[in-house]
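*Asks:* Handing you a structure now.
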Amino acid sequence: MSTTRQTIARWIAAEEGPCLERKSVLVDPRALAVSLVAMANADGGTVLVGIRDNGDIEGVAGHEQRVNELLRVPFDFCRPTVKMDFEFAECNDRKGKPNQILVLKVHQSQSVHANQADEVFYRVGDKSKKLSFDERMQLMYDKGDRFYEDTSVAGASVDDLNLELVKEYTKRIGYSKPPLHFLRENHGFIKKERDAEQVSAAAILLFGKDPQKFFPRARVRFIRYEGIDEKTGAKMNVIKDVSFEGTILETVQKAVAFVSTQIKEHTYLGKGGLFVTDTQYPEFVRQEILVNAVAHRDYSIKGTDIQVKLFDDRLTVESPGTLPGLVRLNTMRNVHFSRNPKIAAFLRDYGYVKEFGEGIDRMCAELAGLGLPEPEYRTESFMLRCTVRAADVGVRFDGGKGSGERSGESAGEKPGSTAELSANVSSAQVTAQVTAQVTAQVGRFCIEPQSARDIMAELGLKHWKTFQTNYLNPLLDAGFLERTIPDKPNSRLQRYRLSQRGKDILEKG
């Protein structure tokens, strides 16, 4: 590194903060150790030796012995050694004479560092805060010095584990030995301490008969809001509030399936007589942010759960725990760290967690394909929040030409009529799930006139509105089907048959 006089001038003028501190050359080595430890435990930083707190440059010239002592601080007073680079930067001191300052560049560390008295510090603002025991343990979990998923669960025993779930998993990964052997010999799921078997948090969360007995808030809570704001009190706008519990896998499966039912979608007949579905959020995106929350949440935080909040214009997932390890908001796509590596590996074996970098990259690509911004990540207090903006799934009447523009159902329309709604949506905002099979199935079934109820039964549908909006009306609008009594669309004798245009489409298919 090479520090210029302009850089030094900026540092002198700048306020001290999380990543910048000034020290006199006469600083006590033990006091310097506190700053080095605090920065290494946080985001790294720069310590300028030879500049007083008021910005006066005293320099380090003539203090060679003291400088050597200070350069040994990372080795003599930090446990483990703090990684640090240094250089001497040329400057003029407060008397206008040529001098030097000692620039110490402290690296952000993956480990938790303490001083010679075994005290742990963390940089907060312009101060080096001494951590309590609980804060120290939390930092160790965050940095991976220890993984909370490996800790023993008080009061838990082998009897609290569902060996059938273990058997199912070992079969999936090709492990042929008995379930208990797997638990005792792999990943520390069961370990012996003081002649007694201890069960890990990961084992309970993955294979427990009742994980919520030990982790009551290890669940996913879905909240649907009316509108775009989160209101409370007399103006509370919650219209759905559902929680999902069980093992990690059960929770993910139930939550992912349920969220899919709450997302607005619009199915219409596109070009060539093929059904196309537009959705507010790509399936991969909504699954990925939910699964990431379950895989990487901080399970040592037991006072809250994962919350999935659905608004009219966005989907937000809030997960307990800040960004782990060396991961920061601006490095999420390049730096990988798993707070719960065993849980993440388990979900990867079930196809939920992707390989390093793939998940976020694919989310960004799919959102870009809809003309939407990348996911927005924010940390607030002890929560990590991920927000995805909704795509427009408005509908557009195609005039019965089958052009691929949307048609649908208007509010309050009577069963049997055709919607004529208008909204502009670009092709980039379409996620296509083309199903020609449904079109062909209906066409073949309606070669002879059929009632709406009979067509519903053929498709295995039970809800009239869903059938009318997503299937019947689009097929009528596109001219694929026609009514047998066109001048009385609501007649109880109404039947639907394949039109000449529909026959042409089937023949081409």
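*Asks:* So, in the stretch 2-61, of the ones that are part of a helix (DSSP H, G or I), under 23 Å from Ala117 (Cβ atoms) and without any contact (Cβ under 8 Å) to a residue 60 or more places away in the chain, which residue ends up farthest from the chain's Cα centre (by Cα)?
*Replies:* Start the filter on the stretch 2-61 by keeping residues that are part of a helix (DSSP H, G or I), which leaves 5-13, 29-41.
Add one more test, that the residue is under 23 Å from Ala117 (Cβ atoms), and what stays is 29-41.
Still in the running and without any contact (Cβ under 8 Å) to a residue 60 or more places away in the chain: 29, 31-32.
Details: Pro29: 42, Ala31: 40, Leu32: 38 Å.
If we take residues in the stretch 2-61 being part of a helix (DSSP H, G or I), under 23 Å from Ala117 (Cβ atoms) and without any contact (Cβ under 8 Å) to a residue 60 or more places away in the chain, then Pro29 is farthest from the chain's Cα centre (by Cα).
*Asks:* Restricting attention to the stretch 182-235, which residues are out of contact with any helix residue (DSSP H, G or I) (no Cβ under 7 Å at 6 or more places or on another chain) and among the aliphatic types (A, V, I, L, M)? Write out each step before concluding.
*Replies:* Let us first name the residues in the stretch 182-235 that are out of contact with any helix residue (DSSP H, G or I) (no Cβ under 7 Å at 6 or more places or on another chain), namely 184-186, 191-196, 198, 210, 212-213, 216-217, 221, 223, 225-235.
Listed by number, the residues that qualify are Ala196, Ile223, Ile228, Ala234.
*Asks:* Here's a follow-up. Please tell me if Arg406 is in a loop (DSSP other than H, G, I, E, B), surrounded by fewer than 20 Cβ atoms within 10 Å (Cβ to Cβ) and at pLDDT below 85.
*Replies:* On the way: in a loop (DSSP other than H, G, I, E, B): yes; surrounded by fewer than 20 Cβ atoms within 10 Å (Cβ to Cβ): no; at pLDDT below 85: yes.
Considered against the rule, which asks whether it is in a loop (DSSP other than H, G, I, E, B), surrounded by fewer than 20 Cβ atoms within 10 Å (Cβ to Cβ) and at pLDDT below 85, Arg406 comes out as no.
*Asks:* I would also like to ask the following. Scan the stretch 84-99 and tell me whether some residue there is touching a Phe, Trp or Tyr at 6+ places or on another chain (Cβ under 9 Å) and touching a residue at least 40 places away in the same chain (Cβ under 8 Å).
*Replies:* In the first step, residues of the stretch 84-99 are kept if they are touching a Phe, Trp or Tyr at 6+ places or on another chain (Cβ under 9 Å); the result is none.
No; the residues of the stretch 84-99 include none that is touching a Phe, Trp or Tyr at 6+ places or on another chain (Cβ under 9 Å) and touching a residue at least 40 places away in the same chain (Cβ under 8 Å).
*Asks:* Can you list residue pairs whose Cβ atoms sit under 8 Å apart, with the first residue in the stretch 159-174 being farther than 20 Å from Asp210 by Cα and the second being in a helix (DSSP H, G or I) and among the charged types (D, E, K, R)? Count only pairs 6 or more apart in sequence or on different chains.
*Replies:* What qualifies is Arg172/Asp349; Ile173/Asp349.
For every residue, the table says whether it meets (1) more than 18 Å from Lys127 (Cβ to Cβ); (2) crowded, with 17+ Cβ neighbours inside 10 Å; (3) assigned by TED's automatic domain parsing to the domain that holds Leu329.
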{"position": "Arg10", "(1), (2), (3)": "yes, no, no"}
{"position": "Ala14", "(1), (2), (3)": "no, no, no"}
{"position": "Glu58", "(1), (2), (3)": "yes, yes, no"}
{"position": "Pro80", "(1), (2), (3)": "yes, no, no"}
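*Asks:* State whether one or more residues within the stretch 215-223 are exposed (fewer than 15 other Cβ atoms within 10 Å of the Cβ) and hydrophobic (A, V, I, L, M, F, W, C). Explain how you work it out, then say what you get.
*Replies:* Filtering the stretch 215-223 for residues exposed (fewer than 15 other Cβ atoms within 10 Å of the Cβ) gives 216.
This time we only want the ones that are hydrophobic (A, V, I, L, M, F, W, C), so: none.
No, because not a single residue in the stretch 215-223 is exposed (fewer than 15 other Cβ atoms within 10 Å of the Cβ) and hydrophobic (A, V, I, L, M, F, W, C).
*Asks:* Related question: Of all residues being farther than 20 Å from Thr322 by Cα and not acidic (Asp, Glu) in the stretch 365-380, which is modelled with the highest pLDDT? Just the residue, please. Spell out how you get there, then give the answer.
*Replies:* The initial filter retains those residues of the stretch 365-380 that are farther than 20 Å from Thr322 by Cα, namely 365-373.
From the residues that got through so far, the ones that are not acidic (Asp, Glu) too are 365, 367-373.
Values: Ala365: 88, Leu367: 90, Ala368: 89, Gly369: 85, Leu370: 84, Gly371: 87, Leu372: 90, Pro373: 93.
Out of the qualifying residues, it is Pro373.
*Asks:* Of all the residues that make up the stretch 119-157, how many are in a helix (DSSP H, G or I) and either on the phi > 0 side of the Ramachandran plot or surrounded by 15 or more Cβ atoms within 10 Å (Cβ to Cβ) (or both)? Steps first, answer last, please.
*Replies:* Restricting attention to the stretch 119-157, the residues satisfying the condition of being in a helix (DSSP H, G or I) are 133-143, 148-150.
From what's left, either on the phi > 0 side of the Ramachandran plot or surrounded by 15 or more Cβ atoms within 10 Å (Cβ to Cβ) (or both): 136-143, 148-150.
The number of residues fulfilling the criteria is 11.
*Asks:* Within the stretch 204-239, count every residue that is among the basic types (Lys, Arg), touching a residue at least 40 places away in the same chain (Cβ under 8 Å) and farther than 19 Å from Tyr148 by Cα.
*Replies:* Taking the stretch 204-239 and keeping what is among the basic types (Lys, Arg), we get 209, 213, 217, 219, 221, 224, 231, 235.
Add one more test, that the residue is touching a residue at least 40 places away in the same chain (Cβ under 8 Å), and what stays is 209, 213, 217, 219, 221, 224.
Now narrow it down to the ones that are farther than 19 Å from Tyr148 by Cα: 209, 221, 224.
Residues meeting the conditions: 3.
*Asks:* So, one more: Look through the stretch 85-103, keep the residues that are among the hydrophobic types (A, V, I, L, M, F, W, C) and under 16 Å from Glu58 (Cβ atoms), and return whichever of them is surrounded by the most Cβ atoms within 10 Å (Cβ to Cβ). I'd like the intermediate steps shown before the answer.
*Replies:* Of the residues in the stretch 85-103, the ones among the hydrophobic types (A, V, I, L, M, F, W, C) are 86, 88-89, 91, 101-103.
With under 16 Å from Glu58 (Cβ atoms) added as a condition, the list becomes 88-89, 91, 101-103.
Numbers: Phe88: 17, Ala89: 20, Cys91: 19, Ile101: 26, Leu102: 22, Val103: 21.
Among residues in the stretch 85-103 that are among the hydrophobic types (A, V, I, L, M, F, W, C) and under 16 Å from Glu58 (Cβ atoms), the one surrounded by the most Cβ atoms within 10 Å (Cβ to Cβ) is Ile101.
*Asks:* Of all helices (runs of 4 or more DSSP H) completely enclosed by the stretch 169-264, which ones contain at least 3 residues that are assigned by TED's automatic domain parsing to the domain that holds Ile289 and either aromatic (Phe, Trp, Tyr) or modelled with pLDDT of 95 or more (or both)?
*Replies:* Hits in the stretch 169-264: 248-262.
*Asks:* What is the one condition in (1) under 24 Å from Ala390 (Cα atoms); (2) among the acidic types (Asp, Glu); (3) touching a strand residue (DSSP E or B) at 6+ places or on another chain (Cβ under 6 Å) that Asp313 does not satisfy?
*Replies:* So Asp313 meets the others, but not (3).
*Asks:* Hey, among the residues in the stretch 226-255 that are among the β-branched types (Val, Ile, Thr) and over 18 Å from Arg314 (Cβ atoms), which one's nearest to the chain's Cα centre (by Cα)?
*Replies:* First, the residues of the stretch 226-255 that are among the β-branched types (Val, Ile, Thr): 228, 232, 238-239, 242, 247-248, 251-252.
The next check asks that each one be over 18 Å from Arg314 (Cβ atoms); those that pass are 232, 242, 247-248, 251-252.
Numbers: Thr232: 25, Val242: 20, Thr247: 19, Ile248: 16, Thr251: 15, Val252: 13 Å.
Among residues in the stretch 226-255 that are among the β-branched types (Val, Ile, Thr) and over 18 Å from Arg314 (Cβ atoms), the one nearest to the chain's Cα centre (by Cα) is Val252.
*Asks:* Within the stretch 33-59, track down each residue that is of a type outside the set (Asp, Glu) and more than 22 Å from Lys143 (Cβ to Cβ). Walk me through it before giving the result.
*Replies:* In the first step, residues of the stretch 33-59 are kept if they are of a type outside the set (Asp, Glu); the result is 33-42, 44-52, 54-55, 57, 59.
Passing the criteria: Leu48, Val49, Gly50, Ile51, Arg52, Asn54, Gly55, Ile57, Gly59.
The values are calculated or read from the model by the stated rules, or taken from the named source; none is laboratory data. Here the structure is a predicted model, which means the values were calculated and not measured. All Cβ positions, even for glycine, are placed from backbone atoms using ideal geometry, and neighbour counts span all protein chains on display.
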